[in-house]
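Worksheet: the structure to be examined is printed underneath.
The values are calculated or read from the model by the stated rules, or taken from the named source; none is laboratory data. Remember, it's a predicted structure, so these values are computed and weren't measured experimentally. Counting neighbours? That spans all protein chains shown, and the Cβs are built from the backbone with ideal geometry, glycine included. These area figures cover heavy atoms from the full protein model, side chains too; ligands, DNA and RNA do not enter into them. Shrake-Rupley method; radii C 1.70, N 1.55, O 1.52, S 1.80 Å.
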There are 4 protein chains.
Amino acid sequence: MLQKIGIITKRPDQRALQATARLVEWLNQQGKSVTVVEDIAIAAHIPGQQARRQSQDNLPEGMDLVVVIGGDGTFIAAARAVGHRRVPILGVNMGRLGFLTEVPVEEMFATLEKVMQGEFHIEERTTLEVSVIRHELVQNQSRVLNDAVVHKGTLARMMEYNVTIDNQFVFSSRADGLIVATPTGSTAYALSAGGPIIHPALDALLLTPICPHTLTNRPIVVPGAVEISITLTSDDSNRLLTLDGQSGVQLESEDRIVIQRSQYSLLVMHPNTRNYYEILRTKLLWGERAGEVPLVCKP
Amino acid sequence: MLQKIGIITKRPDQRALQATARLVEWLNQQGKSVTVVEDIAIAAHIPGQQARRQSQDNLPEGMDLVVVIGGDGTFIAAARAVGHRRVPILGVNMGRLGFLTEVPVEEMFATLEKVMQGEFHIEERTTLEVSVIRHELVQNQSRVLNDAVVHKGTLARMMEYNVTIDNQFVFSSRADGLIVATPTGSTAYALSAGGPIIHPALDALLLTPICPHTLTNRPIVVPGAVEISITLTSDDSNRLLTLDGQSGVQLESEDRIVIQRSQYSLLVMHPNTRNYYEILRTKLLWGERAGEVPLVCKP
Amino acid sequence: MLQKIGIITKRPDQRALQATARLVEWLNQQGKSVTVVEDIAIAAHIPGQQARRQSQDNLPEGMDLVVVIGGDGTFIAAARAVGHRRVPILGVNMGRLGFLTEVPVEEMFATLEKVMQGEFHIEERTTLEVSVIRHELVQNQSRVLNDAVVHKGTLARMMEYNVTIDNQFVFSSRADGLIVATPTGSTAYALSAGGPIIHPALDALLLTPICPHTLTNRPIVVPGAVEISITLTSDDSNRLLTLDGQSGVQLESEDRIVIQRSQYSLLVMHPNTRNYYEILRTKLLWGERAGEVPLVCKP
Amino acid sequence: MLQKIGIITKRPDQRALQATARLVEWLNQQGKSVTVVEDIAIAAHIPGQQARRQSQDNLPEGMDLVVVIGGDGTFIAAARAVGHRRVPILGVNMGRLGFLTEVPVEEMFATLEKVMQGEFHIEERTTLEVSVIRHELVQNQSRVLNDAVVHKGTLARMMEYNVTIDNQFVFSSRADGLIVATPTGSTAYALSAGGPIIHPALDALLLTPICPHTLTNRPIVVPGAVEISITLTSDDSNRLLTLDGQSGVQLESEDRIVIQRSQYSLLVMHPNTRNYYEILRTKLLWGERAGEVPLVCKP
């Protein structure tokens, strides 16, 4: 039984905060115990007796479900806070279907009613542990749901790097950057760099070069259990590691970035009414006749 | 003054035939002299005094304007019949915007009223002369508006060929095929094979390989004044030349396909209310938020 | 202990036949029991006492190892004959490194010496079962190592089809064709159609459209355990199913092609001296400076 | 008659400096008047009587030919200094064929001998004028031979921009950046971002998006005579304009970048022994069998 519900909300978004307040009230009526993030509670004028307040990091402790209200960016940030606990997350979008926030806010109550009756399934999504190694020491360690991107700085003309997988040399390359993505991340930045779509149930990692100088360089999909190591080989220190497109780490010459599947996969709750391929079709407009190449038909 | 108007219509399409009948009546009321294709006249029940009847090939003789009612396929077939005469063509679509048939049938009369007042511009579109040379003899000669495609037969595993441009060797390749397109054709088959979009005002030809085996093979844009020669180098006789996607020529070993800009460019009439980039945006859904890669935004 | 050795050879290739004769002699000296395909034995003048003779289909029965001498095409044909038995295959190429035939003929004896001492590893490669369903009846059933390709006939202008995966509708599309590939097949035809490289250890299938008319259509990688079903939706009967690029089945309207991972994976023997990434680098010229885009460097 | 020869050399490169000293001596023997850049003369120990010395910017005044010794980067920098004068440039590479420096240093004297006898042709290469407009004022104006790239800063997650051509709205997009390239630049950065190859004789400009978020966005080739205007539409001020990959301009919100073909085309001298397609083939390894996708052949 889903009894203890946490809510994480897109912060400066008035509509998301209003939806949060309505959701708190509705959950109260259902007799649920509700916890919200401290500053959200204040911003959304949620009375003290309606919901407990905690910092985002403590939110998932003891929760049965965390509802995220906002866009995919909010969901990803929430995943970072929640991901190491075994609590399922359900994403509610504010009007625009997300790959992760698949419930439109108008269907929030109808969906939650079904969910409370058990009409849902839980999917485990791979996350990545990303470490920066400098002079044999771990400088930085992070967990991402979408991708880790190593890329040149704006003024640099390119990045030179080596990739090894499980200590086997894979390739050295010159490019604008390299995206290492989870299947979840395959429909994010990697897609715009020319990568394939990878079904989230697959235990796999995707390496997609950004503007590679060698034209035969191609996206590669490798088993999820490997250790990927990227070593910067040129002198230029103007390079960056970007984590889920949300935070960045300045890199130095000869830094090594080590990426592995995390032991913590993220539990994503899906209502039974939607499926992955339907979201793909909607987001990528596969159903549309427009957007088609107008190939000549017989007259 | 546009006085003598011809009409070419998508043949078995009832709605296009009805639109043709209405257009004949309307043009009669304007005091225009109207000519339609013989079998269209019969199919659309157009009374004899309302319009002259001629075969499609004779239609453009002495015309000031030819209106094409149908889709881009109808337009392209009409271009073949009309293209060698200096008569402008205006394309009317039956509900779905075409790259060539840009006037929706509902706006047909409003547009023609403006056109009769001189509110239009004429664009010259490059067409190609395509010859098949076998044992030093010209076997087949055609004119295309979009593209000439040399490709392997279904059971063949690939095609081997050499390309020379103005007698300079360009490359030999193995691929499913090679598309030689005009700028007009760049938004047709070539686009689905990975080619760029080329503005129709550019005097250029586009070579786009289909599934090339060498990964460094890329689309090439060359000046319009060149002579492109494609020689088949493998033994397999199971290969084809397709012209504007509408007709095909079986090729034999050592056939040479020679492609040059035609001396006849096609005169396309555009109402002043639309422009090329707007059609691109509409056809390729560039305005749509959906179809975007959902890159993660800051939460 | 590897005692019973079978040999399959590229048939009309004199050098491959000579290598076969030498290998038979060498294996005899090692006290191995050798079996070759009947017509190869005759073509290569192998004395009767040196090797048993069997048809290719019966060859692997009771073998400990099958050596394939030729190119990747020979290997793939051999895989069809051998694939349903649990016998490892080792590929020897005649001068050009293959993805599957990774031992150069000059290193054949040195490699086999090591192999006889146990210096090898066996890799399981996914194969696919491909069925054509017509009027609810299975018309044709095949097993492929690389790919099954459903594609339009040469004269057709495109193919319309629906894809479902595990009975969930995925997309309907118009394209030249659709490639369903194993990870092994990802470096074959799918690569030239724009697909990613998939590590052979991954339990996954790859769907790559050929010249899709919708520009947002992209290659998709799905879990290996799914059932993929492709239904032809347009009337045109001019369509084909090609299996491993070696044989074809004419398709009819409303045919359904069902593709699943086979219960038989192929056992590929690798000497310990080579690894997958090294073959990738060599085949795709990743090590080469040439073939690079000459991006401008600071002067 | 080519009498007055200038030399521009890759600065810190010892082999280029040695080649320069040898070239000065050789030209002296031919009775030519030689001018070198001041600091090169010192670095290469060229005696005062052998060559005049001038700053790079003054070098081409009154010259009949400028020889560039180095790589394509040196050539491009030289083009900036020389481009507005009508003096031809000949590029000598130090061992690696460049798209612009096509004479290997070992063939330098043999080539120049032929050149002195008139065995060369001059090609006019389009260059671009790039202006940054801020609050209606021109902030910065530059001329490029390859490309102008507007792109997001490293920490920004994307760039939002509008493109207009000759005051017609073309598209608004979200991407990592946009490359506007000359035909010369089509084989540089634009190629690694997925753009086509454009023959340098074509009067055309190429727009190639970098990692566009809308999957239907494609490279576009437009006539050379247009005015392209790019307006930044998002607030983020972290964006940059990069010129020929060699210098950068920090951009501000609502900056407008205006790009037009320059009135100064660059005169490039080619020996008659080489042609454009041959350089393409060599650089992109089109002649190589390796690098091919190993499509399965019939066994």
## Note on the structure
Picking from B:R80, B:R96, the residue that is within 14 Å of chain A (Cβ to nearest Cβ) and part of a loop (DSSP other than H, G, I, E, B) would be B:R96
### Query
Looking at the stretch B:177-195, is at least one residue assigned to a loop (DSSP other than H, G, I, E, B) and β-branched (V, I, T)?
yes
### Task
Residue by residue through the stretch B:201-212, note down the ones that are surrounded by 23 or more Cβ atoms within 10 Å (Cβ to Cβ) and within 10 Å of chain D (Cβ to nearest Cβ).
B:L202, B:A204, B:L205, B:L206, B:L207, B:T208, B:C211, B:P212
### Message
Given the options A:V68, A:V36, name the one that is of a type outside the set (D, E), part of a strand (DSSP E or B) and in contact (Cβ under 8 Å) with a residue 40 or more places away in the chain.
### Response
A:V68
### Task
Name the single residue, out of those in the stretch B:99-132 being among the hydrophobic types (A, V, I, L, M, F, W, C) and assigned to a strand (DSSP E or B), that is farthest from B:V149 (Cα to Cα).
B:F120
### Answer residue from the stretch C:247-259, given it is surrounded by fewer than 18 Cβ atoms within 10 Å (Cβ to Cβ) and outside any strand (DSSP E or B) and is nearest to the other protein chains (Cβ to nearest Cβ) among those
C:E252
### Query
Does any residue in the stretch A:77-89 that is under 13 Å from A:R143 (Cα atoms) come within less than 6 Å, Cβ to Cβ, of a residue that is buried (at least 21 other Cβ atoms within 10 Å of the Cβ) and of a type in the set (V, I, T) six or more places away or on a different chain, and which pairs are these?
A:A78/A:I8; A:A78/A:V68; A:V82/A:V66; A:G83/A:T127
### Query
Of all residues in the stretch D:218-241 being open to solvent by 10 Å² or more (accessible area, probe 1.4 Å) and in contact with a helix residue (DSSP H, G or I) (Cβ under 9 Å, 6 or more places away or on another chain), which is modelled with the highest pLDDT?
D:P219
### Message
Please go through (1) at pLDDT below 95; (2) under 22 Å from B:P200 (Cβ atoms); (3) over 13 Å from the mean Cα position of the chain (by Cα) for B:M94 and return the number of the only condition it doesn't satisfy.
### Response
(2)
### Message
Residue pairs, Cβ under 6 Å, 6 or more apart or interchain, first in the stretch A:129-152 and farther than 16 Å from A:G83 by Cα, second open to solvent by less than 10 Å² (accessible area, probe 1.4 Å) and not hydrophobic (A, V, I, L, M, F, W, C). List them.
### Response
A:V132/A:D255; A:R134/A:D255; A:V149/A:G177; A:V150/A:G177; A:H151/A:G177; A:K152/A:R239
### Any chance D:G62 is modelled with pLDDT under 95, within 19 Å of D:I89 (Cα to Cα) and not in a strand (DSSP E or B)
yes
### Query
Of everything in the stretch B:227-246 that's within 20 Å of the chain's Cα centre (by Cα) and within 11 Å of another protein chain (Cβ to nearest Cβ), which residue is nearest to D:V221 (Cα to Cα)?
B:D244
### Task
Could you tell me which residue of the stretch B:139-155 is surrounded by the fewest Cβ atoms within 10 Å (Cβ to Cβ), considering only residues that are within 14 Å of chain C (Cβ to nearest Cβ) and part of a loop (DSSP other than H, G, I, E, B)?
B:L155
## Note on the structure
A:A43 fails exactly one of (1) open to solvent by less than 30 Å² (accessible area, probe 1.4 Å); (2) over 22 Å from A:S262 (Cα atoms); (3) in contact with a Leu (Cβ under 6 Å, 6 or more places away or on another chain), namely (1)
### Query
Here are some residues: A:V24, A:V67. Which one is open to solvent by less than 50 Å² (accessible area, probe 1.4 Å), out of contact with any Gly (no Cβ under 9 Å at 6 or more places or on another chain), under 22 Å from A:E119 (Cα atoms) and more than 14 Å from chain B (Cβ to nearest Cβ)?
A:V24
### Query
What single numbered condition from (1) open to solvent by 10 Å² or more (accessible area, probe 1.4 Å); (2) closer than 23 Å to A:E106 by Cβ; (3) within 14 Å of chain B (Cβ to nearest Cβ) fails to hold for A:I8?
(1)
### Task
Within the stretch D:185-196, identify whether any single residue is touching a strand residue (DSSP E or B) at 6+ places or on another chain (Cβ under 9 Å), more than 10 Å from chain B (Cβ to nearest Cβ) and without any contact (Cβ under 8 Å) to a residue 12 or more places away in the chain, and answer yes or no.
yes
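What is the residue count in the stretch A:260-282 for residues that are in contact with a helix residue (DSSP H, G or I) (Cβ under 8 Å, 6 or more places away or on another chain) and crowded, with 16+ Cβ neighbours inside 10 Å? Even if it seems obvious, please write down each step before you answer.
Pass one, the stretch A:260-282, residues in contact with a helix residue (DSSP H, G or I) (Cβ under 8 Å, 6 or more places away or on another chain): A:266, A:269, A:271-273, A:280.
Now drop any that are not crowded, with 16+ Cβ neighbours inside 10 Å, which leaves A:266, A:269, A:271, A:280.
Residues in the stretch A:260-282 being in contact with a helix residue (DSSP H, G or I) (Cβ under 8 Å, 6 or more places away or on another chain) and crowded, with 16+ Cβ neighbours inside 10 Å: 4 in total.
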### Message
Being at the interface with another protein chain (Cβ under 8 Å from one of its Cβ atoms) and closer than 13 Å to A:I228 by Cα is the filter here; which residues of the stretch A:156-169 pass it?
### Response
A:I165, A:Q168, A:F169
### Query
Can you name the condition, by its number, that A:S172 falls short on among (1) crowded, with 17+ Cβ neighbours inside 10 Å; (2) within 11 Å of chain C (Cβ to nearest Cβ)?
(1)
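In contact with a Lys or Arg (Cβ under 6 Å, 6 or more places away or on another chain), away from every other protein chain (no Cβ under 14 Å) and surrounded by fewer than 23 Cβ atoms within 10 Å (Cβ to Cβ), is that true of A:E107? If you could, list the steps in order and put the result at the bottom.
On the way: in contact with a Lys or Arg (Cβ under 6 Å, 6 or more places away or on another chain): no; away from every other protein chain (no Cβ under 14 Å): yes; surrounded by fewer than 23 Cβ atoms within 10 Å (Cβ to Cβ): yes.
Here the answer is no, as A:E107 does not meet what is asked.
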### Message
Being within 24 Å of B:S247 (Cβ to Cβ) and small (G, A, S) narrows it down to one residue among B:A79, B:A110; which is it?
### Response
B:A79
### Message
So for the stretch D:183-192 (the condition being in contact with an Asp or Glu (Cβ under 6 Å, 6 or more places away or on another chain), open to solvent by less than 10 Å² (accessible area, probe 1.4 Å) and not assigned by TED's automatic domain parsing to the domain that holds D:G73), does at least one residue qualify?
### Response
yes
### Query
Does the stretch A:115-124 contain any residue that is open to solvent by 10 Å² or more (accessible area, probe 1.4 Å), away from chain C (no Cβ under 14 Å) and touching a Ser or Thr at 6+ places or on another chain (Cβ under 7 Å)?
no
